[in-house]
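Undergrad: Sending over a structure as structure tokens; questions will come in a sec.
Readers should treat all values here as calculations from the given coordinates under stated rules, not as data from a laboratory. No experiment lies behind these values; they were computed from the predicted model shown. Cβ placement follows ideal geometry from the backbone for every residue including glycine, while neighbour counts extend to all protein chains displayed.
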Amino acid sequence: MLVGDPERDRAAHELQRHYREGRLSADELAQRLETALRARDAGQLRSALKELPGVERWAFRSPARSARNAAILAGTAVVWLFWSIGMLVAFVAWLAANGPSLGALVVFPLLWFAVSWLLWHGGKRRRSRP
């Protein structure tokens, strides 16, 4: 994947942070900065950042993947919102029809929590796919 100036700048800032924190010498910083600023793809940027702590989670994502992940997150949030409103309406209707009961006070919140958890983790799994 090709990288642009924002990715190279981000890598340079990351290298400078590691230099300030004492993980890189001045010579090593200069070498790695040159590699990062001349990088044309994500592999070259990764090589400039190799063996630095916290870099393994430092990912280079394409704009299309970021947009896809944002759409998945927004879709999951909309489904969760409708689910939550529907559960609230069902809970109030149940209470109005049957009165308060221990079963309703336990089942409805547990059901809401379980489905909310499944939605979140299912969306998280879809966002992490390549």
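Undergrad: Could you pull the Cα extents of the chain along its three principal axes, largest to smallest, in whole Å?
TA: 75, 31, 17
Undergrad: Helix-only estimate, please: 222 nm mean residue ellipticity of the chain, summing -39500 (n - 2.57) across DSSP H runs of length 4 or more and dividing by its residues, to the nearest 500.
TA: Result for the chain, helices only: -26500 deg cm²/dmol.
Undergrad: Let me ask you something else. Kyte-Doolittle mean at least 0.0 and Cα extent at least 20 Å along the axis: which DSSP H helices of the chain qualify? Could the numbers behind the result be given before it?
TA: Details: long enough: 5-20 (22 Å, -2.34); 63-98 (51 Å, 1.20); 102-128 (39 Å, 0.63).
Qualifying helices: 63-98, 102-128.
Undergrad: Nothing charged except the Cβ atoms of Lys and Arg (+1) and of Asp and Glu (-1): what's the magnitude of the dipole of the chain about its Cα centre? Round to the nearest 20 debye.
TA: Dipole magnitude for the chain comes out near 340 debye.
Undergrad: A further question on this structure: Calculated FRET efficiency, H13 and A90, Cβ-Cβ r, R0 30 Å, to nearest 0.05?
TA: On the way: r = 50 Å, r/R0 = 1.67.
Between H13 and A90 the formula returns 0.05.
Undergrad: Between K50 and V107, what is the label-point separation in nm under the 7 Å Cα-to-beta-carbon projection?
TA: Placing both labels 7 Å along Cα→Cβ, they lie 6.0 nm apart.
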